[in-house]
Amino acid sequence: MSIKVGIDLGSTAIKVVFLENREIVWKKVVPTIPGQAQVANDLISEGLSEIGYSPDQLDDPVVTGYGKSLVHDAGKVIDEVSANALGVFLLSDHKARTVINIGGQDVKVIRLSEAGKLIDFKMNDKCAAGTGRFFEVAGRILDTPVDDFGDLGQSSADTVNISSTCVVFAESEIVSLMAKGIERQPIIRGLHESLARRIAGLAGNHDIEDEVYLDGGSANNRGLVAAIEDELCRDVHVLPYPQFSVAYGAARSLDSMM
Ligand code: ADP
């Protein structure tokens with residue numbers, strides 16, 4: 001039995017998946033730090049020892065993501081948009097037509113044909129607004145881990161208007177709301193709504209086709225997903241492990257001969 005390995009060296013997080021018979025049998029995410037290739041190799045060793053396989057049972061890894069060129073012994077390198085498109089198309093049982101990936105430092109909107117071919121994509125990588133980085137900055141000011149944002153934002157009936165799309169101005173807007181005594185829950189809800197408006201603007205609501213899937217680490221944030229659904233006026237699906245769909249697509253590219 002051979003195990004396929006997908007490595008996604010993202011700007012914020014390194015993700016590794018092992019696949020056996022097209023199913024994820026092991027996965028791990030760690031923050032991106034210098035020496036990414038070594039981190040990825042260490043993760044592979046960790047995965048092998050956890051699932052009890054030997055290195056000769058692994059196929060050569062397929063590498064994607066921002067740091068993909070740093071791994072010199074990759075079996076194959078694939079660009080992150082193709083890996084993302086393939087991963088979500090396959091994991092959605094071929095239903096996905098639009099993929100919105102909210103990564104650590106960029107947002108991508110990818111459109112797919114019925115056959116899963118890439119039609120086109122748009123990317124916002126010029127500023128942090130609308131990305132996971134925006135939440136991390138807000139989380140530091142609010143002294144709240146980003147993992148708690150979804151529940152906290154959704155627990156609030158009240159909201160506030162955060163008008164700044166630039167992370168630097170949004171930071172001072174949050175500080176002044178806190179100085180007025182406003183609780184963090186409505187501030188977080190306001191942040192979700194602000195980001196949802198920005199992401200919907202990038203996506204261009206008229207160009208979006210169902211079914212829409214949200215992935216990347218920020219898709220774990222249910223409050224953000226709900227805000228994006230409200231802004232787009234349509235259902236947005238989230239796969240069980242939204243941060244791993246790009247690494248999954250990389251590994252599955254061996255099957256698809258991309
Ligand atoms: P990249 O591929 O660009 O490195 P990822 O898709 O791995 O980015 O997403 C990283 C982002 O996901 C981080 O900014 C982090 O804040 C966010 N994230 C991860 N898990 C959660 C969670 N449970 N809730 C909210 N945000 C999350």
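The values are calculated or read from the model by the stated rules, or taken from the named source; none is laboratory data. Keep in mind that what you see is a predicted model, and the values were worked out from it rather than measured. Glycine gets a Cβ as well: all are built from the backbone with ideal geometry, and neighbour counts include every protein chain shown. In case anyone asks, the SASA skips ligands and DNA or RNA and just uses the protein heavy atoms, side chains included. Shrake-Rupley method; radii C 1.70, N 1.55, O 1.52, S 1.80 Å.
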From (1) more than 30 Å from Val16 (Cα to Cα); (2) open to solvent by less than 80 Å² (accessible area, probe 1.4 Å); (3) assigned to a helix (DSSP H, G or I), pick out the condition that doesn't hold for Leu202.
(1)
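Whether any residue in the stretch 241-252 is more than 14 Å from the ligand (Cβ to nearest atom) and open to solvent by 30 Å² or more (accessible area, probe 1.4 Å) is what I want to check. Please lay out each step first, then the result.
Of the residues in the stretch 241-252, the ones more than 14 Å from the ligand (Cβ to nearest atom) are 251-252.
Checking which are open to solvent by 30 Å² or more (accessible area, probe 1.4 Å) leaves us with none.
There is no residue in the stretch 241-252 that is more than 14 Å from the ligand (Cβ to nearest atom) and open to solvent by 30 Å² or more (accessible area, probe 1.4 Å).
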Report yes if some residue within the stretch 18-41 is of a type in the set (Lys, Arg) and at positive phi; otherwise report no.
yes
Among the residues of the stretch 219-239, count how many are free of Cβ contacts under 8 Å to residues at least 24 places away in the same chain and closer than 12 Å to Val88 by Cβ.
0
Do the conditions hold for Arg197, that is, is it in the same structural domain as Asp147 (by TED's automatic domain parsing), within 16 Å of the ligand (Cβ to nearest atom), open to solvent by 20 Å² or more (accessible area, probe 1.4 Å) and among the basic types (Lys, Arg)?
no
Would you be able to say whether some residue in the stretch 7-16 is of a type in the set (Ser, Thr, Tyr) and free of Cβ contacts under 8 Å to residues at least 40 places away in the same chain?
no
